[in-house]
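Visitor: One structure is given below, represented as structure tokens, and several questions about it will come after.
The values are calculated or read from the model by the stated rules, or taken from the named source; none is laboratory data. Note that this is a predicted model, so its numbers are computed, not measured. FYI the Cβ positions are ideal-geometry reconstructions off the backbone, even for glycines, and counts take in every protein chain you see.
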Amino acid sequence: MSLTDLVTPLKRQTLSANVYDQLRDLVMSGQMMPGEQISLRSAAEALGVSVMPVREAMQRLVAEQALELTPSRTLRVPRMTAAQFKEITTIRTNLEGLATELAATAPGAVALRDITRWHDEFAAEMDSASPDGSKLVTFNKEFHFAVYAAADMPVLLQMIEALWLRIGPILNYDLRAGSRRVGDKVAMSHHAALLAALKRRDGAKARAALQGDIESAAEFILSTGVLVSDGTPPQTPASAAKKTRAAAGAAR
């Protein structure tokens, strides 16, 4: 799917902020792949703006380590080492687990309705004959952040967003790759358990469901070889995805 299909043309008065918000959301939700190169001109054309606000947005994302500037001056989505991934996963289980447990203590009716809606959207796409990976990663991100926002702790939410900016491109690799986890609806079962716990206001069970979701996805990602490991060249996301699909087909 091209960048043109993923972004919305912007109005002039809020160009800089909106360009940043859209590109940031693409990185956080996992719509951009590790190692993917980004053209300022192509992004500007997709957004319907000049190159200047895109350059400003890219500079902010580089400063936040969501993008990187290569020695050849090319912008790209950073690859992640296995060690970095494990460290961020450990931090995520604690921070996101805390936000989820707090959200369960007093979820407002509006917050619970939003969480339920995103769960239902994710589940419906999972149940379709041919799940759309792009929609799955979007619905997954919206579901998670609806939960975290319900905790009503803005600083904690900002910390989680910063982690997702770093890990987003690899976070939903299984959803994009069409792995057995998609076929077995592993994420959906964790989401359902999380939602049920929120409705019961059971913080401990909600936290356990969230952590199970994070840890099962991390275990799969670590098994694919798509992360950088010391002394071993990483597979490209495309080749790792092909390998994953082949393995899933052989297992059926």
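Visitor: Considering only residues that are hydroxyl-bearing (Ser, Thr, Tyr) and either part of a loop (DSSP other than H, G, I, E, B) or not assigned by TED's automatic domain parsing to the domain that holds Asp21 (or both), look in segment 32-68 and name the one that is farthest from Trp164 (Cα to Cα).
Guide: Ser50
Visitor: Here's a follow-up. What residue, among those in segment 1-49 that are under 21 Å from the mean Cα position of the chain (by Cα) and charged (D, E, K, R), is modelled with the lowest pLDDT?
Guide: Going through the qualifying residues, I end up with Asp5.
Visitor: Can I ask one more? Within segment 128-191, which helices (runs of 4 or more DSSP H) (wholly inside it) include 1 or more residues that are at pLDDT 90 or above and either small (Gly, Ala, Ser) or touching a Phe, Trp or Tyr at 6+ places or on another chain (Cβ under 6 Å) (or both)?
Guide: Hits in segment 128-191: 133-150, 154-171.
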